[in-house]
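Take a look at the structure below.
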Amino acid sequence: MWGSILGLATVLLGNAAWAEPTESPEPESDYTEFMNIGYAATNTFDYQTALINFRRALEERPDDEYAERAIANIEFYIERNRLQAIQNQVDALQARLQIAAE
């Protein structure tokens with residue numbers, strides 16, 4: 001009798017009734033989330049968003065080498081872009097001066 005009841009329960013409930021409970025995946029830490037957002041922003045050249053998130057990651061893990069390197073890289077990219085914009089302005093002004101001098 002018990003065998004048929006167990007068999008019926010297995011059919012009705014499937015194997016889920018006997019399966020071991022599975023652990024839900026651990027949510028990402030704030031550090032990991034900030035780093036991932038920073039990397040994604042870097043890939044789209046959104047350096048301000050990247051910098052904000054890498055700094056947030058560093059707040060979560062002070063002295064973290066990866067966050068510190070990411071911040072240094074982003075600051076370099078921002079400065080490089082700033083200097084390139086200035087150079088573009090200089091080039092445009094020089095071209096205008098040359099045209100005016102002709």
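The values are calculated or read from the model by the stated rules, or taken from the named source; none is laboratory data. Everything numeric in this text was worked out from a predicted model, so none of it was measured. Note that each Cβ is placed from the backbone with ideal geometry, even for glycine, and that neighbours are counted across all protein chains shown.
Scanning segment 29-74 for residues that are among the acidic types (D, E) and free of Cβ contacts under 8 Å to residues at least 24 places away in the same chain turns up E33, D46, E59, D63, E65, E68.
For Y66, the criteria (1) at pLDDT 95 or above; (2) part of a loop (DSSP other than H, G, I, E, B); (3) among the hydroxyl-bearing types (S, T, Y) hold in every case but one, which is (2).
Quick check on segment 14-34. Is at least one of its residues on the phi > 0 side of the Ramachandran plot, more than 17 Å from the chain's Cα centre (by Cα) and at pLDDT below 95? Scanning segment 14-34 turns up at least one residue that is on the phi > 0 side of the Ramachandran plot, more than 17 Å from the chain's Cα centre (by Cα) and at pLDDT below 95.
Can we say A41 is among the small types (G, A, S), more than 12 Å from the chain's Cα centre (by Cα) and in a helix (DSSP H, G or I)? When the stated conditions are applied, A41 does not pass them.
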